[in-house]
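The values are calculated or read from the model by the stated rules, or taken from the named source; none is laboratory data. Every value quoted in this text rests on a predicted model; they were computed, and no experiment measured them. Cβ atoms come from the backbone with ideal geometry, glycine included; neighbour counts cover every protein chain shown.
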Amino acid sequence: MGRAKSTGTAGALTRTAHLSDVGVSGYTSENPSKTGGHRSVRSTPAAILSREGIAHEAGGRVIPLAKRKIVVLIPAYNEESVIGDVLRQIRLAGYPDIVVVDDGSADETYQKAQQVEGVIALRHFLNRGKGAAMKTGIEAAKLLGADVVVTMDGDGQHDPGDIGRLVSLVDEGYDVVLGTRVMDRATMPSW
């Protein structure tokens, strides 16, 4: 299955996990003196962010991960030829809550995203960069009440079938889970 390693450092606990079959790693960091007693969340592309760590509490009861709201965020730039198929594949994989942020594309990316049922398409009128598109999308996901945000690229190179594996690590207590392409550089795109 995978490996897990824990190390303690100056008031923080860091956990790392690796799923060798999909190249997934994650960590959680907790330092009550800096976060007011809450787990800190570090945002990075291709990350899953959990708003409240392992369990979301409502009225003293724990809501299992399966009942949490998972929003898939896709920052996109000039992806009109593939964005529709990418969005339909994500919905077919069982994730209906999708936010696309078109980052000032010169093509019809925004219009193609709008055509897919249930997708919330947002648009930057100017290209502000992937980081700004991620920030816009995460803010939108928070407004939608997301408990978990999964980011994917809009070019079709990420498999929506891997979302469940990533999210399962959130259920194990990780605040951020990072996916990676196959570690063999020969199989990676050269751009």
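Quick one: is residue 167 within 15 Å of the chain's Cα centre (by Cα), in a helix (DSSP H, G or I) and of a type outside the set (Ser, Thr, Tyr)? Judged against the criteria, residue 167 is a match.
So which pairs qualify, if the first residue must be in the stretch 171-189 and under 26 Å from residue 67 (Cα atoms), the second must be at pLDDT below 85 and among the acidic types (Asp, Glu), the Cβ gap must be under 9 Å, and the two must be at least 6 apart or on different chains? Pairs found: 175/30.
Report yes if residue 159 is surrounded by 15 or more Cβ atoms within 10 Å (Cβ to Cβ) and modelled with pLDDT under 95, otherwise no. Spelling it out, it is not the case that residue 159 is surrounded by 15 or more Cβ atoms within 10 Å (Cβ to Cβ) and modelled with pLDDT under 95. Scan the stretch 77-134 for residues that are without any contact (Cβ under 8 Å) to a residue 60 or more places away in the chain, of a type in the set (Val, Ile, Thr) and in a loop (DSSP other than H, G, I, E, B) and the total you get is 1. Entry remark, the stretch 118-137: residues being within 20 Å of residue 81 (Cβ to Cβ), in contact with a Pro (Cβ under 9 Å, 6 or more places away or on another chain) and surrounded by fewer than 18 Cβ atoms within 10 Å (Cβ to Cβ) number 1 in total. Between 102, 85, 97, the distinction of being modelled with pLDDT of 95 or more, touching a strand residue (DSSP E or B) at 6+ places or on another chain (Cβ under 8 Å), surrounded by fewer than 23 Cβ atoms within 10 Å (Cβ to Cβ) and of a type in the set (Asp, Glu) belongs to 97 only. Scan the stretch 105-115 for residues that are of a type in the set (A, V, I, L, M, F, W, C), buried (at least 18 other Cβ atoms within 10 Å of the Cβ) and more than 20 Å from the chain's Cα centre (by Cα) and the total you get is 0.
For the stretch 172-187, the set of residues classified as acidic (Asp, Glu) and modelled with pLDDT under 70 consists of 184 only. Within the stretch 135-161, if we keep just the residues that are under 13 Å from the mean Cα position of the chain (by Cα) and assigned to a loop (DSSP other than H, G, I, E, B), the residue that is nearest to residue 110 (Cα to Cα) turns out to be 154.
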